[in-house]
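Here is the structure we will look at.
Since every read-out is calculated from the coordinates, none of them should be taken as a lab result. All figures in this text were calculated on a predicted structure; none of them were measured in a lab. Backbone-built Cβ (ideal geometry, glycine too); neighbour counts: all protein chains shown.
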Amino acid sequence: MIYLLRHGETIWNTLGRFQGQRDSPLTERGVQQADFVAGLLRKEISDNVPSFEMHVSPLGRTRETARRLQRVLPLATHEDARLMEVSVGTWDGLTKFEIDNEFPGMLDGSDAFDWYFRSPDGESFDAACGRAKNWIADVQGPTVAISHGLFGRLVRGVYSGLSRREMLDLPVPQDGFYRLYEGEFSFVDGAALSAQ
């Protein structure tokens, strides 16, 4: 069983700036999201907390989110670089507008999601999926994982055998988490948890 979380909202999220493997701190809303998700997760796994461990991307926004979770869920925690966000190379830290201005024509014909993999020096889709497969294969027991928007899409997609298009179309909310179990995933938020 894997519970996959995205970090809380960051300053660059609010500015439309693609962070990749660069960083910006959580906003106040991001801190509230992390605290909310921590409470949801505590309710979800409260009877089994000792059997879980937490795997965290080493980037600041995920580490900050993990610290918020550990206030209510004291889990053994391990940083794992395989959970880092997909890098778009020299485009890390830029907006789509800036990329379009600095790299004319590189985004022509792209859509809302496939532009991530058009960077001339960024991580390829296949390499990022390979990283996701490798991490999933190494998960030994009940795990809470804190990762990122795009990489979280790939983890869910690889886990469930989705196509590239299906993976890139997946939502990336910051106010809940995904439960990955027996080859499928489901979103858990306050409404879903209260309906159980």
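Brief remarks follow.
- Of all residues making up segment 48-58, the number that are touching a helix residue (DSSP H, G or I) at 6+ places or on another chain (Cβ under 9 Å) and either in a helix (DSSP H, G or I) or surrounded by 19 or more Cβ atoms within 10 Å (Cβ to Cβ) (or both): 6
- For segment 84-101, the candidate set comprises residues that are closer than 20 Å to GLU64 by Cα and among the hydrophobic types (A, V, I, L, M, F, W, C); within that set, the residue that is surrounded by the most Cβ atoms within 10 Å (Cβ to Cβ) is VAL86.
- Residues that are buried (at least 16 other Cβ atoms within 10 Å of the Cβ) and not charged (D, E, K, R) within segment 5-21 comprise LEU5, HIS7, GLY8, THR10, TRP12, ASN13, PHE18, GLN19, GLY20, GLN21, listed in sequence order.
- Pair list, Cβ < 6 Å and 6+ apart or interchain, from segment 28-42 residues that are more than 11 Å from ARG67 (Cβ to Cβ) to residues that are of a type in the set (Ser, Thr, Tyr): GLY30/THR10
- Within the span defined as segment 51-59, one or more residues are without any contact (Cβ under 8 Å) to a residue 60 or more places away in the chain and not small (Gly, Ala, Ser).
- Test set (1) touching a Phe, Trp or Tyr at 6+ places or on another chain (Cβ under 6 Å); (2) in a helix (DSSP H, G or I) - ARG68 fails condition number: (1)
- Residue match in segment 161-182 (condition: small (Gly, Ala, Ser), in contact (Cβ under 8 Å) with a residue 24 or more places away in the chain and farther than 14 Å from LEU41 by Cβ): no
Yes/no per residue for (1) buried (at least 20 other Cβ atoms within 10 Å of the Cβ); (2) under 14 Å from the mean Cα position of the chain (by Cα); (3) of a type in the set (Ser, Thr, Tyr); (4) part of a strand (DSSP E or B):
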{"residue": "TYR3", "(1), (2), (3), (4)": "yes, yes, yes, yes"}
{"residue": "ASP23", "(1), (2), (3), (4)": "no, yes, no, no"}
{"residue": "GLY30", "(1), (2), (3), (4)": "yes, yes, no, no"}
{"residue": "ARG42", "(1), (2), (3), (4)": "no, no, no, no"}
{"residue": "SER46", "(1), (2), (3), (4)": "no, no, yes, no"}
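- Failed criterion for THR90 (all others in (1) under 30 Å from MET106 (Cα atoms); (2) assigned to a strand (DSSP E or B) hold): (2)
- Those strands (runs of 3 or more DSSP E) lying entirely in segment 118-196 with at least 1 residues within 17 Å of the chain's Cα centre (by Cα) and among the polar types (S, T, N, Q): 143-147, 184-188
- Any chance ASP114 is touching a helix residue (DSSP H, G or I) at 6+ places or on another chain (Cβ under 7 Å) and either charged (D, E, K, R) or loosely packed, with under 15 Cβ neighbours inside 10 Å (or both): yes
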